[in-house]
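Trainee: Dumping the structure here so I can ask a few things about it.
The values are calculated or read from the model by the stated rules, or taken from the named source; none is laboratory data. Just so we're clear, the structure is a prediction, and the values are computed from it rather than from any experiment. As a convention, Cβ positions derive from the backbone with ideal geometry for all residues, glycine included, and neighbour counts pool all protein chains shown. Side chains are part of the model used for accessible areas, which takes the heavy atoms of the whole protein and leaves out ligands, DNA and RNA. Shrake-Rupley method; radii C 1.70, N 1.55, O 1.52, S 1.80 Å.
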Amino acid sequence: TFADAGDEALELPDGASIGIAHPLDLGDRIPAWSEVFADYEILQPFPQLGREVHALTDEERASGRLARFEGITVPAHTVLGLTRRGWERGMPLDNGAERWISKPVPGGTDGLHVVIDLEWGISVGLGADQEDQPLGAVWINDAPGDFWNDDRLRHTFGELDPVTASEVLADLAWLAQSKL
């Protein structure tokens, strides 16, 4: 049966949809839900109630770039590991180099993309067997591609809903923890 955070029976209306709640959706109800899960010995197959929450700074919300992640150098295999988190490799360009990796996110007219410029790029066919990657601009745009300058910034990270922003920042924090 369905129940609320107080473990009271809950009748769902016709057409209701059920999803997985993010801690930002639950707010101050996390302790109550944690208690229900503990009482019923429900093991979470992935971090949910205890999921780490990240927030943009005021400066980042007003900007189209995430400067705190720019300039760090990470192993190439870690950059490729972002694909398991919903990021997409860039289109191969000069000499088969993928010069960015991006994540589609809600927003804009047709969706937005958070893009990480890769200074060296990932060579198609080499996979993780290549040079460590210095991260260039980390920015948000209508479509993935090379970053040329701040004149191309038409969006800010403040356009992202808090859950999407938290998940993007979680991905970038995971990437940054492997820095050299």
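Trainee: Answer yes or no: is there a residue in the range 35-45 that is under 24 Å from the mean Cα position of the chain (by Cα) and either open to solvent by less than 90 Å² (accessible area, probe 1.4 Å) or at pLDDT 95 or above (or both).
Mentor: yes
Trainee: Out of all the residues in the range 52-70, which are more than 10 Å from VAL138 (Cβ to Cβ) and surrounded by fewer than 17 Cβ atoms within 10 Å (Cβ to Cβ)?
Mentor: Residues satisfying the conditions are GLU52, VAL53, HIS54, ALA55, THR57, ASP58, GLU59, ARG61, ALA62.
Trainee: Could you list, in sequence order, the residues of the range 61-70 that are within 16 Å of ASP171 (Cα to Cα) and either in contact with a Cys (Cβ under 6 Å, 6 or more places away or on another chain) or assigned to a helix (DSSP H, G or I) (or both)? Give the derivation first.
Mentor: Taking the range 61-70 as the starting set, the residues that turn out to be within 16 Å of ASP171 (Cα to Cα) are 65-70.
Hits for the range 61-70 are ALA67, ARG68, PHE69.
Trainee: So the check is Cβ under 6 Å with 6+ separation or different chains; which pairs have a first residue in the range 161-180 that's closer than 20 Å to HIS77 by Cα and modelled with pLDDT of 95 or more and a second one that's part of a helix (DSSP H, G or I) and open to solvent by 60 Å² or more (accessible area, probe 1.4 Å)?
Mentor: As it stands, the answer is ASP171/ARG85, since those pairs meet every condition given.
Trainee: Tell me, which strands (runs of 3 or more DSSP E) wholly within the range 91-180 include 2 or more residues that are at positive phi and surrounded by 16 or more Cβ atoms within 10 Å (Cβ to Cβ)? Let's see the steps before the verdict.
Mentor: On the way: elements: 97-105, 112-123, 133-141.
Per the criteria, no element qualifies.
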